[in-house]
1. In a shell of Cβ-Cβ distance under 14 Å around Ala18, excluding Ala18 itself, what net charge do Lys and Arg (+1) and Asp and Glu (-1) give?
2. Place a point 7 Å from the Cα of Arg63 along the Cα-to-Cβ direction; which residues of the range 86-104 have their backbone N under 17 Å from it?
3. Along the charge dipole of the range 1-106, pointing to its positive end and built from +1/-1 on Cβ of Lys, Arg, Asp and Glu, which listed residue (Pro99, Asn19, Cys69) has its Cα farthest out?
4. Looking only at the chain, where both bridge partners belong to it, what percent of the DSSP beta bridges are antiparallel (to the nearest 5)?
5. Rounding to the nearest 20 debye, state how big the charge dipole of the range 22-169 is about its Cα centre with +1 on each Lys and Arg Cβ and -1 on each Asp and Glu Cβ.
6. So what's the back-of-envelope 222 nm ellipticity for the chain, counting only DSSP H runs of four-plus at -39500 (n - 2.57) apiece and dividing by all residues, rounded to 500?
7. Kindly express, to the nearest 10 degrees and within the range 0 to 90, the angle between helix 147-160's C-alpha long axis and the longest C-alpha principal axis of the chain.
8. Distance cut-off 18 Å, Cα to Cα: go down the list Lys49/Lys84; Lys84/Lys168; Lys49/Lys89; Lys84/Lys163 and report the pairs above it.
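Please treat every number below as a calculation from the coordinates, not as lab data. Note that the structure is a prediction, hence the values are computed from the model and not measured. A quick note on method: Cβ atoms are made from the backbone with ideal geometry, for glycine too, and the neighbour counts reach across all protein chains shown.
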Amino acid sequence: MAMSRPDLTVAVGDWQLANPVMTASGTFGYGVEYADFVDLNSLGAIVVKGVSLLPRPGNPPPRIVETACGMLNAIGLENPGVEKFIAEKLPQLRDYSCPVVVNILGESMEEYCALAERLDGENIAAIEVNISCPNVKKGGVAFGTDAKMIRELTRCVREKCHKPVIIKQYHPGHGH
Ligand SMILES: Cc1cc2nc3c(=O)[nH]c(=O)nc-3n(C[C@H](O)[C@H](O)[C@H](O)COP(=O)(O)O)c2cc1C
């Protein structure tokens with residue numbers, strides 16, 4: 001007798017995911033790099049590596065070291081910038097049915113808002129706002145630890161973007 005498959009669908013507001021498995025931003029590149037290892041169509045959503053308005057070179061190496069309890073990383077949010085991401089990375093993901101969540105990072109409120117506005121018209125499922133990166137001098141955690149700034153940032157991103165918005169906040173004591 002054929003086993004019935006469990007219903008793994010999840011709703012996040014109005015947004016329906018086939019299952020709750022989403023990749024952690026930055027650990028799964030832009031998704032397609034992993035297509036040989038994982039059926040991308042089977043994921044609930046792919047959360048891509050952080051994207052900024054302009055390209056960022058990231059931190060100088062070494063960026064990753066192995067430790068007795070795992071690994072430490074300080075990539076510094078290297079990425080090609082939002083225009084190149086939209087032109088080159090996003091179209092490759094359109095070959096898959098899996099929803100795409102774009103993780104954004106800015107050094108100012110304006111930059112986050114410009115990114116939200118730019119991505120609003122694109123074929124993506126949601127935006128994830130990275131306010132939790134401890135490895136960069138400006139932006140990231142500077143936003144994530146100030147409640148007033150988080151409120152203002154959330155409001156301005158919400159105004160510019162009509163898709164689901166995920167605020168990814170730093171959690172003190174968390175090993176990010
Ligand atoms: C190599 C690496 C790169 C990452 N890059 C990003 C990023 O671009 N944007 C982001 O919001 N988080 C980034 N993260 C954080 C992860 O998405 C995740 O929040 C973090 O690793 C905590 O989850 P864990 O405890 O399961 O490792 C990165 C993490 C690692 C290890």
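1. Spelling it out: positives minus negatives among the neighbours equals -1.
2. Correct set: 89, 103-104.
3. After comparing all options, I get Cys69.
4. 40 percent
5. 400 debye
6. Values: 4 runs with 34 residues, N = 176.
Mean residue ellipticity, 222 nm, calculated: -5500 deg cm²/dmol.
7. Around 60 degrees separate the two axes.
8. Details: Lys49/Lys84 13 Å; Lys84/Lys168 23 Å; Lys49/Lys89 11 Å; Lys84/Lys163 21 Å.
From Lys49/Lys84; Lys84/Lys168; Lys49/Lys89; Lys84/Lys163, over 18 Å: Lys84/Lys168; Lys84/Lys163.
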